[in-house]
Amino acid sequence: MIVSTSSIPGLAVHFNKSVRLQFGIKSIEVIVHHSDSVESETIYLSSHVIQQLGLPLTCAYDVIVQKDKITIGPFIGILCEITNRKLAEMLPTYKSFVKGYQYIGGAILVFSMEGIQKEKRLIKGFLYHPKKNVWEPVIMPFPAVMMSIAEPSLTSASEAFHDYMTEFDSLLGGRVFNYPHFSKWEMHHMLLSEWKAHLPETAIYQDVSDIYEMLSRHGSIYIKPLYGRLGKQIYNVVEHGTEIMVKYDEKRAVFTNSTELDVFFQKSLSPNAYLIQETIPLKTYEQSVIDFRVMAAKNQHGEWEVLGIYSRYGASGQIVSNISAGGHTEIARNTLKEVWKLEDDEIQRVEKEMEQLVLQSIQTLEDQGYHLGNIGVDLGLDEACHISIIEINHQNPDPYIALMAKDRLAFYKCRFDNMMYARYLGEF
């Protein structure tokens with residue numbers, strides 16, 4: 001390794017000595033030489049060192065000097081999809097992660113689960129080429145930091161995904177974020193002692209008697225999968241006198257016979273895989289149920305920022321507000337003004353309460369030892385503006401809700417914060 005005499009702060013102590021040079025999880029011993037003929041921002045490495053590290057020369061790197069090693073980076077991996085086919089199809093959309101590349105720098109690799117070669121500790125994916133502004137196919141060693149935007153829930157790849165991410169988390173020393181650590185049931189228990197006033201009563205489904213018990217107390221309940229995503233496999237059960245109505249997907253069924261209802265749920269639900277919750281009294285507008293999404297991310301200092309608050313209108317007659325189920329969204333303050341009829345100072349107060357509840361509940365989860373970096377919190381708001389926590393999405397709370405609400409700045413800020421937090425995790 002040959003550097004300028006006055007190149008990088010702290011490097012002089014390693015002149016003419018052997019030191020470990022690291023890129024991602026790869027490292028190699030090098031001798032550091034210095035020369036007056038080398039420009040201050042240039043480093044020369046032998047081809048052997050470059051090959052051993054798997055170091056692409058198309059990226060702009062920073063160098064961190066420590067007592068025992070020199071690190072080149074950042075090297076950030078983004079697990080985007082389950083299959084290589086889907087990765088290639090979605091490749092143009094990943095440009096949003098590199099929009100601020102001049103500030104992020106380093107090697108940015110997007111890949112799928114199929115591209116992981118676990119035994120060889122290699123990944124087949126696409127590397128961002130900053131000068132060409134394109135993604136190029138590569139095979140590279142495992143990165144130093146990893147985030148996930150993959151959607152394996154309720155698919156056959158879910159178990160393998162969890163295994164991969166757990167192994168990466170261990171191998172990379174905790175520098176992995178944005179993958180599901182805990183279920184909705186675990187989340188409820190972690191928040192219950194401190195935030196009970198903001199949580200619906202919740203039980204775990206064991207058998208049909210649990211549904212009847214919750215229904216007798218509340219008259220209307222929701223049944224949700226513990227690891228569900230995107231508003232799928234959710235049931236709303238409502239008692240009307242001698243009838244029980246079940247709404248799910250775009251269907252509804254009315255039962256007057258308990259035996260038929262028992263058979264329906266025994267076929268539809270698995271023990272210990274679903275939650276039963278009292279129905280939160282959400283406001284409706286023109287037959288659309290309304291809730292709110294608070295978008296938060298850690299920044300380049302490892303600190304949480306609330307980037308946007310959005311109202312979500314469910315499709316007419318739907319039991320969920322998810323955009324993927326036909327709903328639509330807008331900036332929350334517009335809804336609070338038009339639907340709740342709040343004045344500006346009241347809107348500011350409600351938004352501030354939402355922000356504080358979100359940040360404090362995230363802190364509660366992190367106090368349990370969970371590593372979070374990107375969060376979408378779904379909140380309910382009743383007629384009197386009491387806030388309920390519906391769900392905390394920590395797998396991949398997609399910031400595209402900001403684009404749909406015509407808040408482009410918040411969308412790109414979220415992507416940028418994700419990448420800058422990854423850079424921060426890599427100690428750059």
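The values are calculated or read from the model by the stated rules, or taken from the named source; none is laboratory data. Small disclaimer: the values here were computed from a predicted structure and weren't measured. No Cβ is skipped: glycine too gets one built from the backbone with ideal geometry, and neighbour counts run over all protein chains shown. Note: accessible area is taken over every heavy atom of the protein model, side chains too, but ligands, DNA and RNA are not part of it. Shrake-Rupley method; radii C 1.70, N 1.55, O 1.52, S 1.80 Å.
Numbers for the structure displayed
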read-out	value
Where a residue in the range 292-316 is without any contact (Cβ under 8 Å) to a residue 40 or more places away in the chain and its partner, wherever it lies, is assigned to a loop (DSSP other than H, G, I, E, B), with Cβ under 6 Å and at least six apart	Y313/G327; G314/V320; G314/S321; G314/G327; A315/G326; A315/G327; S316/Q287
Members of the range 178-196 that are at pLDDT 90 or above and either more than 27 Å from I234 (Cβ to Cβ) or of a type outside the set (S, T, Y) (or both)	W185, E186, M187, H188, H189, M190, L191, L192, E194, W195, K196
Selection within the range 129-152 - open to solvent by 10 Å² or more (accessible area, probe 1.4 Å), closer than 21 Å to E427 by Cβ and in a strand (DSSP E or B)	none
Subset of the range 198-225 (residues that are surrounded by 15 or more Cβ atoms within 10 Å (Cβ to Cβ) and of a type in the set (G, A, S))	A203, S220
Meets criteria (touching a residue at least 40 places away in the same chain (Cβ under 8 Å) and either within 26 Å of the chain's Cα centre (by Cα) or open to solvent by 30 Å² or more (accessible area, probe 1.4 Å) (or both)) for K251	no
Checking H301 against (1) touching a strand residue (DSSP E or B) at 6+ places or on another chain (Cβ under 8 Å); (2) modelled with pLDDT of 95 or more; (3) closer than 26 Å to R415 by Cα, the condition it does not meet	(1)
Residue count, the range 269-288 (criterion: open to solvent by 20 Å² or more (accessible area, probe 1.4 Å), assigned to a strand (DSSP E or B) and hydrophobic (A, V, I, L, M, F, W, C))	0
Among the candidates T71, T83, T93, residue that is under 19 Å from I8 (Cβ atoms) and either modelled with pLDDT under 95 or open to solvent by 10 Å² or more (accessible area, probe 1.4 Å) (or both)	T71
Subset of the range 328-381 that is among the acidic types (D, E) and within 21 Å of H301 (Cβ to Cβ) - its residue that is surrounded by the fewest Cβ atoms within 10 Å (Cβ to Cβ)	D367
Of all residues making up the range 398-427, the number that are surrounded by 23 or more Cβ atoms within 10 Å (Cβ to Cβ) and either at pLDDT below 95 or within 17 Å of G327 (Cα to Cα) (or both)	3
Of the criteria (1) within 27 Å of T364 (Cβ to Cβ); (2) at pLDDT 90 or above; (3) open to solvent by less than 80 Å² (accessible area, probe 1.4 Å), which one G228 fails	(2)
Those residues of the range 36-66 which are over 34 Å from the mean Cα position of the chain (by Cα) and not in a helix (DSSP H, G or I), in sequence order	D36, S37, V38, E39, S40, E41, T42, I43, Y44, L45, S46
Failed item in (1) under 30 Å from G105 (Cβ atoms); (2) of a type outside the set (S, T, Y); (3) touching a helix residue (DSSP H, G or I) at 6+ places or on another chain (Cβ under 7 Å); (4) in a helix (DSSP H, G or I), with V350 passing the rest	(1)
Residues that are outside any helix (DSSP H, G or I) and either over 21 Å from the mean Cα position of the chain (by Cα) or farther than 17 Å from A157 by Cβ (or both), drawn from the range 81-109	K99, G100, G105, G106, A107, I108, L109
Residue check, I123 over 26 Å from N299 (Cβ atoms) and either touching a Gly at 6+ places or on another chain (Cβ under 7 Å) or open to solvent by less than 20 Å² (accessible area, probe 1.4 Å) (or both)	yes
